[in-house]
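Below you'll find the structure, written out as structure tokens, and then a few comments.
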Number of protein chains: 2
Amino acid sequence: MLNFIEIKVLHIDDHLLFAQGIHSLLGNETFIRELIHAQTLNEGIRIAEKLQPELILLDYFLPDANGIESLQLLQKISPSSKVILLTMESNPDVIENCKREGAIGFLQKTIGKKTLLEALNKAMQNIPTFPPSILAPTRQSNPQSLVKILSKREKQIANMVSEGLTSAEIAKKLFLSELTINTHRRNIMQKLELKNSAQLVAFIEKLKFMDIS
Amino acid sequence: MLNFIEIKVLHIDDHLLFAQGIHSLLGNETFIRELIHAQTLNEGIRIAEKLQPELILLDYFLPDANGIESLQLLQKISPSSKVILLTMESNPDVIENCKREGAIGFLQKTIGKKTLLEALNKAMQNIPTFPPSILAPTRQSNPQSLVKILSKREKQIANMVSEGLTSAEIAKKLFLSELTINTHRRNIMQKLELKNSAQLVAFIEKLKFMDIS
DNA sequence: AAAAAAATACCAATTTCTAGGTATTGGAAG
DNA sequence: CTTCCAATACCTAGAAATTGGTATTTTTTT
């Protein structure tokens, strides 16, 4: 344990009770000099800017931003901070995205204090901590990478489809020809390799659920 | 505060770290004689049976059961226990269902220690604690009550539709006529007052998300 | 400036879905 | 025992979606 190094930790999580719990749990860990809590990303960014914490514990779901955005913003504001996601999310795609975006760790809230401390220490030694699930190679389709290939218009139309609008209705709303909407729909289907709009809607709703739209 | 009454509390939550935090946070509250933690509903039920706790703090999402089921089972096993939902869920329908099923409180994890203690004390005086959202009368469609009116077959077919299967494919899988599937689909649409399968799929996916299927 | 991608629009054919009706069977509830 | 509902199945007509191809204009990227 590198307990001789005292670090500043910023914990961003809208679940106040959880944050208070963490605070109480880590309260007498001597290697933590400061443990600050922010309940929104905005608040977190303001604090991170001033505090320049060595470590940021970040919840994936925040009221004012989605996980990936939060991660990117924080790293821009405070590049020296190491970010560990601490969240209940467990989707492999989400975890992989966080890893790719430069997080040094991803912890689920199902872990215990011991595991948390281990991860904190590892992070300070620049050793990443990720759940084993992302090591499993059994993966073929990554929703996020797929959605990235949709253009703005296509995303817009995909969303309207998943709200139950017909092509004709979408056309009217966007002041476009129905034929144009049909073309867009066809392109969306091809790009996402889906075979009907039921699958498209299921796909879109799952994205919304996972908060990576 | 009724601090002179010492109660036994059971906390059921798969998020160990959160539970440890709560434990640490409530550790020196004298009105709590015992604070036991269970990580699954099964474990929780075993403990509740023996312990007969005055109070149960229950997470809505558990790995081995959904929220309503958990609530019902616990009340059967330990009828004298008051149950407070302590969860990140905030859907008004879910809250209302919990209230209807006999919970004495519903708390989101965004609250703080103070609010939690207040709710615990109230619960022991038989005073319920629910978020103000369910008092708001602006509600017309309750997904759960809607889904309840679907028959088994209809639910099954609705789910297959939301997986992207066509009527013909569903018919083949279930060894039924495609015409039968069409009839079922029509009845589903009518019962749920939806106008196309896109809306149906969105509806089903939201239910899955909310864990009230 | 040239090439690539996105957005737009059209035609035609086919499949799938939606909506109206009807009807038989079996089981559950009264 | 009868009445109600779920599950099954059929017919028909029309609406919507899917799939094939093509083409022009604008925007973005190289």
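Rounded to the nearest 100 Å², what's the accessible area chains A and B bury against each other, both chains counted, probe 1.4 Å?
2600
What percentages make up the Cα-Cα pair-distance distribution of chain A when the bins are 10 Å wide from 0?
Binned Cα distances yield the sequence 8, 30, 27, 18, 12, 4, 1.
What are the label-to-label distances in nm, one decimal and shortest first, from B:Lys206 to the same spot in the other copies, with labels 7 Å along Cα to Cβ?
Once sorted, the set of distances for B:Lys206 reads 2.0 nm.
Hey, for A:Lys191 with labels 7 Å out along Cα-Cβ, what do the inter-copy distances come to in nm, ordered shortest first?
Nearest to farthest, the other copies are at 3.7 nm.
Note the distances from A:Lys122 to each other copy's matching label point, with points 7 Å along the Cα-to-beta-carbon direction, in nm, sorted shortest first.
4.2
Grab the DSSP H runs of chain A that are 4 residues or longer, score each as -39,500 (n - 2.57), total them, divide by all residues and round the 222 nm result to the nearest 500 deg cm²/dmol.
Mean residue ellipticity at 222 nm (helix-derived): -15500 deg cm²/dmol.
Normalise the Cα radius of gyration of the range A:143-210 by 2.2 N^0.38 Å (N = residues in it) and let me know the number. Don't skip to the answer; put the middle values down first.
Values: Rg = 11.1 Å, N = 68, 2.2 N^0.38 = 10.9 Å.
With N residues counted in the range A:143-210, Rg over 2.2 N^0.38 Å equals 1.02.
For the range B:152-213, state which trypsin sites (Lys or Arg not before Pro) are in a DSSP loop and have at most 14 other beta carbons lying within 10 Å of their beta carbon.
B:Lys195
Evaluate the distance, in nm, between pseudo-label points positioned 7 Å from the Cα of B:Ile77 and of A:Thr166 along their respective Cα→Cβ axes.
Those two pseudo-labels are separated by 5.2 nm.
What share of the DSSP beta bridges in the range A:7-135 is antiparallel, in percent to the nearest 5?
5
What is the calculated FRET efficiency for B:Leu176 to A:Lys155, with r their C-beta to C-beta distance and R₀ = 51 Å, to the nearest 0.05?
0.85
Skip the ligands, DNA and RNA, and give the accessible area per residue of the range B:12-67 with a 1.4 Å probe, whole Å². Walk me through the numbers before you get to the answer.
Values: 2190 Å² over 56 residues.
Accessible area per residue, the range B:12-67: 39 Å².
To make sure I understand the rule: partners must be aspartates and glutamates, Cα under 16 Å from the Cα of A:Lys122, and not fewer than 8 residues away in the same chain. Which ones qualify?
Within reach: A:Glu6, A:Glu29, A:Glu54.
Would you mind checking A:Lys152/A:Lys195; A:Lys208/B:Lys99; A:Lys76/A:Lys99; A:Lys206/B:Lys152; A:Lys208/B:Lys191 for any pair whose Cα atoms are more than 18 angstrom apart?
The answer is A:Lys152/A:Lys195; A:Lys208/B:Lys99; A:Lys206/B:Lys152; A:Lys208/B:Lys191.
What FRET efficiency, computed as 1/(1 + (r/R0)^6) with R0 = 22 Å and r the Cβ-Cβ distance, is obtained for B:Lys50 and B:Thr30, rounded to the nearest 0.05? Kindly include the intermediate steps, with their values, before the conclusion.
On the way: r = 23 Å, r/R0 = 1.07.
Efficiency at R0 = 22 Å is approximately 0.40.
Smallest Cβ-to-axis distance in chain A, for the rotation taking A to B: which residue, how many Å?
A:Gly21, 1
Given a 1.4 angstrom probe, what's the average accessible area per residue across the range A:143-210, in square angstrom? Show your work: numbers first, answer last.
Working: 3620 Å² over 68 residues.
The answer is 53 Å² per residue.
The values are calculated or read from the model by the stated rules, or taken from the named source; none is laboratory data. All values reported here derive from a predicted model rather than from experimental measurement. Reconstructed Cβ throughout: ideal geometry from the backbone, glycine too, with neighbour counts over all protein chains shown. SASA here: full protein model, heavy atoms, side chains in, ligands and nucleic acids out. Shrake-Rupley method; radii C 1.70, N 1.55, O 1.52, S 1.80 Å.
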